[in-house]
Amino acid sequence: MARDRAAFAEFVAARSSALQRAAYLMVGDVGLAQDLVQEALTKTYVAWPRLRDPANAEAYTRKAITTTAITWFRKRSWNGERATGAVPDRATGGHADALDVRHSLMQALAQLPPRQRAVIVLRFYEDLTERQTAEVLGCAVGTVKSQTSAGLTKLRDLMGDELDIHDLVTSEGVLA
Amino acid sequence: MTEKLKTLMDRAADADFAALDLDAVTAAGDRVVRRRRAVMGVASLAAVAVLGSGVAVLASGSGDGADDRTRWTGVPVDGSGMSWGVGEELHTPVGSVDVGHLVRAHVRTRVGFVTVDDAANVWSVIGGEVRPIGQTQATPHLVSDTETGQVAWLEPTPGGVRAVVHDQSLDRRVRSVPVGKDTRVVALDSGALYVERDGKYDVIDVESGDQWQIGSSESGAELLAVENGALVWSGDDRYLVERDATAPVVIDGVAGSVAMLSPDGSRVTFDADELRVYDTMTGKRLEIGVDDRVFASGYEWLDNDRVAVIASRSGTGPVELLACEVSADTCVQVVPDLGGFDELMAGGFSLPVGTSLEDE
């Protein structure tokens, strides 16, 4: 696959919205998510000739988004900043309850360590398998399992009854 | 109100995003490609000049490529031990060699170097001799023991994935063990290969083939590095250095996902964006000045006191390589300008960490 601008444009048109949404869940800020996707797509464009199969482009971009997001959050943490993110405005009446829960989720995600947050988004928003998630993060499947379990436990602790994760609990009562 | 996680994330992600600027993306990508080509061209013409201090630097060559100093002079056993790959060339402060394939990843052993090309072939490079020694996975990951000639990787075979240990000093494979596909090689130290299999850690004795399991005192911790009996584990928010029969030493406040232990295990550095070196017996940080560089990250130990550092005075480059002496709190610039970060990280540049920087 050459660095075919038309094919790349087609890929961006088809997938950028989905990639931006996933990036937003990872970083909790719309502007930051857009920067993240733009940076990841630049890397994808550079790597386009060696990606061979266009289907690889999405996996490559997702990996770039994830690893860059983790790096950004580690830098913030190490600089003493808290990743609060810009979450949806609270509303009154109408969809207030729904917005409150969304607000709670974004706040809870922001409190997870970066890798746990990435694992939760990849597994339960992107619907990646444990193996696919491990490939994105460059770790073993066992690490994905342990990070998933720890992340879900923290989310449950932070959100309480607002979040139903019973479907993610195995028959042995262990978190997914 | 109770909602499923998936439903909730679908709703939460429904934000308003501005349209992506495709022209800006492709223009930035084209700039990276042009700079990468430029830096590779410069590197192929680079000559190595030795300063009076005995430290070598890369300098622009005359372009004839015939300078004797650019020829391969073997592994710098008494030099800084530094190495880096650009395109098809492996460089050290005292020489360089055209290995004839793109160096996607490489590691150093006591004997020479082992590289992976863009077709996942594994090559042994000893002096001027370059020869294939195996095959690895699409995302390369080599681990080596710089105090011996041993290197290990995962090799896909028709019968399944195997963990392979090759000894460059013996010029042959010394161990090949079937492992599951969900396996990761972690470290190779003192004749033992450490692998992660489905979240559990096994040690494989290279000589006997005996295997046993190990674990951290902290549940779910990830093993990052092993040297001389010291194991570095990554917990959720901290690192642990564990040794037999001693309480874990805790290291807090570090950003980074890769740890590098000195050969004697007494010090550790991380791939954080500022140079962080810690005493593994106390967990205390050891300060090393890098002047006004805004980025500095240790990536390899040259001996028990000297750590190789990739650094820059700006967020974009030029990228430098330093050799920092911990006990003296000093750093020496070994390579002043490898180009900008964008072009280096976009491909064709390798440090002896066993993985491709493109995959990071």
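For the segment A:16-22, counting C-beta atoms of other chains within 10 Å of every residue's C-beta and taking the mean gives 4.
Take B:299-307, A:123-131, A:145-153 and order them by the average number of nearby Cβ atoms within 10 Å per residue, most first; the result is A:145-153, B:299-307, A:123-131. Take each peptide in B:135-144, B:311-320, count the other Cβ atoms within 10 Å of every residue, and average; sorted highest first, the result is B:135-144, B:311-320. In this structure, the amide hydrogen of B:Ala225, modeled 1.01 Å from its nitrogen in the peptide plane, lies closer than 5 angstrom to those of B:Val232, counting only residues at least 5 positions away or on a different chain. Model label sites at B:Ala119 and B:Ser327, defined 7 Å from Cα along the beta-carbon direction, differ in position by 4.8 nm.
Atom-type composition of the exposed protein surface of the range B:94-144 places 49 percent of the accessible area on carbon and sulfur (1.4 angstrom probe).
Averaged over peptide B:291-297, the number of partner chain Cβ atoms lying within 10 Å of each residue's Cβ comes to 0. Surface exposure of the range B:221-360, expressed per residue as accessible area with a 1.4 Å probe, stands at 36 Å².
Around the amide H of B:Arg162, modelled in the peptide plane, lie the amide H atoms of B:Glu155, B:Thr157, B:Val179, all under 5 Å away and 5 or more residues distant in sequence or on another chain. Sequence-ordered 3J(HN,Hα) estimates for the range A:102-110 from the Karplus curve with 6.51, -1.76 and 1.60 and θ = phi - 60° stand at 4, 4, 4, 5, 5, 5, 5, 4, 5 Hz, glycine and proline given as x.
Within 10 Å of the Cβ of each residue in A:132-143, the mean number of Cβ atoms contributed by other protein chains is 5.
For the range B:188-317, averaging the sequence separation of C-alpha pairs within contact (under 8 Å, six or more residues apart) and dividing by the residue count gives a relative contact order of 13 percent. Chain A and chain B together bury an accessible surface of about 4800 square angstrom, both sides counted, with a 1.4 Å probe and no ligands or nucleic acids included.
In sequence order, the range B:274-279 has phi-based couplings of 10, 5, 10, 10, 10, 7 Hz under the Karplus curve 6.51 cos²θ - 1.76 cosθ + 1.60, θ = phi - 60°, and Gly or Pro positions carry x. Put simply, the amide H of B:Gln150, placed in the peptide plane, has neighbours under 5 Å in B:Arg110, B:Asp145, B:Gln168, leaving out anything fewer than 5 places away on its chain.
Each residue of the range B:280-288 was assigned a 3J(HN,Hα) from its phi angle through the Karplus expression (A = 6.51, B = -1.76, C = 1.60, θ = phi - 60°), giving 7, 7, 10, x, 7, 6, 9, 7, 9 Hz with x at Gly and Pro.
The values are calculated or read from the model by the stated rules, or taken from the named source; none is laboratory data. Just so we're clear, the structure is a prediction, and the values are computed from it rather than from any experiment. Every residue, glycine as well, gets a Cβ built from its backbone with ideal geometry; the counts of neighbours run over all protein chains shown. Heads up: the accessible areas ignore ligands, DNA and RNA and are worked out on the full protein's heavy atoms, side chains in. Shrake-Rupley method; radii C 1.70, N 1.55, O 1.52, S 1.80 Å.
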